[in-house]
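Here's the structure we're looking at; comments come further down.
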Amino acid sequence: MSPRSGDGPAVSRREFDALFDAVRTWGRWSPAERGAFNRVTPDHVLRAVARVRTGTVVPLGLPWNTRPGPDNRKPALHHMTDLGDVEAPEPSTHKDFIAADYHGKGISHLDALCHIAYRGRLYDGRTAHEVVDAAGARFGAVSALGPLVTRGVLLDLPAVLKTRWLEPGRPVHAEDIVAAEKALGVTIGEGDAVLLRSGHVRRREELGAWDPDTASAGFHVDALPLLAERGIALLGGDGDSDVRPSPVDGVHSPVHALAVAAMGVPLLDNLDLESLSAETAKAGRHDFLLVVAPLNVPGGTGSPVNPVAVL
């Protein structure tokens, strides 16, 4: 790898392919389509529940985003379908309709294992075109994942670095993770959900929207071997986990490829971690109970979601 600069170090395709093969967990679990969620056992759940101290509940989802912008090119839909004037009298009812092309930058969502293929293959070596078609996915769908209840760990990089946010394009390396663990007094372990706060939401609120496909803070690919070694079950953040521009030529979302397609680790994208940052700082600890309950969509590639942290 070349020396670090910008979103670097740059990683060649050959180096990336070797890294992909080194971290992959194909053939490890049954059912395979739950991937790293298989790491979370009833004992993990009980230990996570035991971490609750104050009962403070912190929702992590962004508001349903119907406004177009540089980070929301396909706005979600929301309109009323009943204003209480179409049924027989008493009680009147009000109804609405929502819809979203949610795999973008404007909606908090979970990526299922069928969402990402690399070299034509999904997680566990399934050939993508054989199991995903116009009717949906027959392997790795969000309906196979189900809900997750586990220990969450917040890597609050702006808090560690004493800055308001990480500038778009700033990569988070393995050594940054280790330094954050030390500074925050937390250690990532087996079955954990790791959430990276870059300060994306705060920066957007203060400076306005930008195109995060062009530039965003996130993990460099050299952080993934450490996360693989720790045995995480879920990865997420207030961006989409990838630093952009990509440090890998010809691979636009290398962390997605490594996490989802190689490691079987679903991703949580576009979270609002500002309240969680404040509450963990107040509590003096950066781990918590995390509950993620995606919609049960047979064949779905993911789901809009509003994860909940409980301290």
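The values are calculated or read from the model by the stated rules, or taken from the named source; none is laboratory data. What you see is a predicted model, and the numbers here were worked out from it, not measured in a lab. Methodologically, a virtual Cβ is constructed for each residue, glycine included, from the backbone with ideal geometry; neighbour enumeration extends over all protein chains shown. With ligands, DNA and RNA removed, areas are computed over all heavy atoms of the protein, side chains included. Shrake-Rupley method; radii C 1.70, N 1.55, O 1.52, S 1.80 Å.
When N counts the residues of the chain, how does its alpha-carbon radius of gyration compare numerically with 2.2 N^0.38 Å, as a ratio?
1.00
List, in order, the whole-Hz ³J(HN,Hα) value for each residue of segment 20-35 obtained from phi through the Karplus relation with A = 6.51, B = -1.76, C = 1.60 and θ = phi - 60°; use x for Gly and Pro.
Taking θ as phi minus 60°, the curve returns 4, 5, 6, 9, 5, 10, 4, x, 7, 10, 9, x, 5, 6, 8, x Hz for segment 20-35.
How large is the accessible surface per residue of the chain, computed with a 1.4 Å probe and reported in Å² as a whole number?
Here the per-residue accessible area is 44 Å².
Explain nothing, just compute: Karplus ³J(HN,Hα) = 6.51 cos²θ - 1.76 cosθ + 1.60, θ = phi - 60°, for every residue of segment 206-217 in order, whole Hz, x for Gly and Pro.
Using θ = phi - 60°, the values come out as 8, 10, x, 6, 9, 8, x, 5, 8, 8, 7, 6 Hz.
Around LEU60, with a cut-off of 10 angstrom between Cβ atoms, what is the net charge of the other residues, counting Lys and Arg +1 and Asp and Glu -1?
Neighbourhood net charge equals -3.
Just to be sure I understand the model, the point goes 7 Å from the Cα along the line to the Cβ. What's the resulting ARG28 to LYS282 distance in nm?
The answer from the label model is 3.7 nm.
Enumerate the calculated ³J(HN,Hα) couplings along segment 148-163 in order (Karplus 6.51 cos²θ - 1.76 cosθ + 1.60, θ = phi - 60°), each rounded to whole Hz, writing x wherever the residue is Gly or Pro.
10, 10, 7, 7, x, 10, 9, 8, 8, 5, x, 5, 5, 8, 6, 9
Return, ordered by residue number, the residues of segment 64-80 whose backbone nitrogen is under 16 Å from a label point located 7 Å along Cα→Cβ of ASP96.
So the set is 64-68, 75-80.
Using alpha-carbon positions, what is the distance between the centroids of segment 175-193 and segment 95-135, in Å?
29
Please report, to one decimal in angstroms, the Kirkwood hydrodynamic radius of segment 229-280 built from all distinct Cα-Cα pairs.
It is 12.2 Å.
Using a 1.4 Å probe on the protein heavy atoms, what percent of the accessible area of segment 1-160 belongs to carbon and sulfur?
55
Identify all lysines with a Cα-Cα distance to LYS162 below 22 Å; exclude those on the same chain that are fewer than 8 residues away in sequence.
Reachable lysines: LYS182, LYS282.
Within the set of other residues whose C-beta is less than 10 Å from the C-beta of TRP29, count the net charge using Lys and Arg as +1 and Asp and Glu as -1.
Within the 10 Å Cβ shell, the charges total +1.
Once the other residues with Cβ under 14 Å from the Cβ of ASP156 are scored (Lys, Arg +1; Asp, Glu -1), what is the net sum?
Overall, the nearby charge balance is 0.
What is the packing order of peptides 156-162, 39-45, taking the mean over residues of other C-beta atoms within 10 Å and listing the highest first?
156-162, 39-45
Would you grab the residues whose amide H sits under 5 Å from the one on HIS109? Only those 5+ places off in sequence or on another chain, please, with H modelled 1.01 Å from N.
ASP269, VAL305
Report the equivalent ellipsoid semi-axes for segment 171-301 in whole Å, largest first, defined as the square roots of five times the eigenvalues of the gyration tensor built from alpha carbon atoms. Please report the intermediate quantities before stating the final value.
Details: eigenvalues 87, 73, 59 Å².
Each semi-axis is the square root of five times an eigenvalue, giving 21, 19, 17 Å.
From a point 7 Å beyond the Cα of GLU190 in the direction of its Cβ, which residues of segment 249-277 have a backbone N at a distance under 18 Å?
Those under the cut-off are 264-265.
Between LYS182 and HIS103, how high is the FRET efficiency from 1/(1 + (r/R0)^6) when r is the Cβ-Cβ distance and R₀ = 41 Å? Nearest 0.05. Walk me through the numbers on the way to the answer.
On the way: r = 35 Å, r/R0 = 0.85.
E between LYS182 and HIS103, to the nearest 0.05, is 0.75.
Run the reach check for LYS74 against lysines, Cα to Cα strictly under 29 Å, same-chain hits fewer than 8 apart removed. What comes back?
The qualifying lysines are LYS95, LYS105.
Mind checking the full-extension length gain between HIS78 and ARG53? Use 0.36 nm per residue of separation minus the Cα-Cα distance, one decimal, nm.
5.3 nm
Loop only by DSSP, 14 or fewer other Cβ within 10 Å of the Cβ. Give me the GluC sites (Glu not before Pro) in segment 9-113 that pass, ordered by residue number.
GLU87
Taking all protein chains as present, what is the carbon and sulfur share of the accessible area of segment 241-311, in % to the nearest whole number, probe 1.4 Å?
Values: 1190 of 2060 Å².
Answer for segment 241-311: carbon and sulfur cover 58 percent of the accessible area.
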